[in-house]
């Protein structure tokens, strides 16, 4: 087998953008184009970018006469994304963290005022997460997601207030929980795929 190592296939994100739209909004029609009007950018994130996780669980089925499981059942596969936002006063970020509709943050007489919910709201949205390394790009599209964990909020004098959140994604009305797009840029990856 030929050595197919290529340093250009490494990926070091130079930017990370996350967008939000109403639940089940279709993916942007052109991969890697700026999302259209329905999508809104959630602003600057930390240099850590996003931490995408797939958590899978299985159950082994044991039976008499076998020292090894006779079958393994996949019982769970969840996809999540951890992102720390830097724009602590961005109305979209604030609404996700406080778990209130964004309309609650519209200021009246210059001030926004709202109650944090006693019982958590099930606010769901569609999300797009873009990351790039030169002309190489990756995009996640998630039609149905919500915030399931919120980190600590700490206004302070030595740094900006960060807003850490973990999103969990579910199947959309017409597709999978997460769809990935990859643009390899100018890297030739043809040797990885069998011919004829």
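The figures follow:
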| quantity | calculated |
| --- | --- |
| Difference of contour (0.36 nm per residue) and Cα-Cα distance, residue 187 to residue 106 | 24.6 nm |
| Relative contact order of region 24-96, pairs being alpha-carbon contacts under 8 Å that are 6 or more residues apart, as % | 33 percent |
| GNM result for the chain, Cα springs below 10 Å: residue of 74, 132, 161 fluctuating most strongly | 74 |
| Inter-centroid distance (Cα atoms) of region 41-70 relative to region 121-196, Å | 17 Å |
| Listed residues 77, 104, 158, most fluctuating in the chain (Gaussian network, C-alpha, under 10 Å) | 158 |
| Of 73, 116, 51, the one that fluctuates the most in a GNM where the chain has Cα springs shorter than 10 Å | 73 |
| Residue 24-residue 170 pseudo-label distance in nm [points 7 Å out on the Cα-to-Cβ vector] | 1.2 nm |
| Theoretical gain in end-to-end length, residue 89 to residue 62 [0.36 nm per residue, Cα-Cα removed] | 4.4 nm |
| Label zone at residue 55, where the point sits 7 Å out along the Cα-to-Cβ direction: region 72-104 residues whose backbone N lies under 13 Å | 76-82 |
| Gain on full stretching of the segment that runs from residue 121 to residue 36 - 0.36 nm per residue minus C-alpha separation | 27.9 nm |
| Residue-averaged 222 nm ellipticity for the chain, from DSSP H runs of 4+ at -39500 (n - 2.57), nearest 500 | -1000 deg cm²/dmol |
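FYI, it's all coordinate maths here, none of it is from the lab. If you're wondering where the values come from, they're calculated on a predicted model, not measured in any experiment. Reconstructed Cβ throughout: ideal geometry from the backbone, glycine too, with neighbour counts over all protein chains shown.
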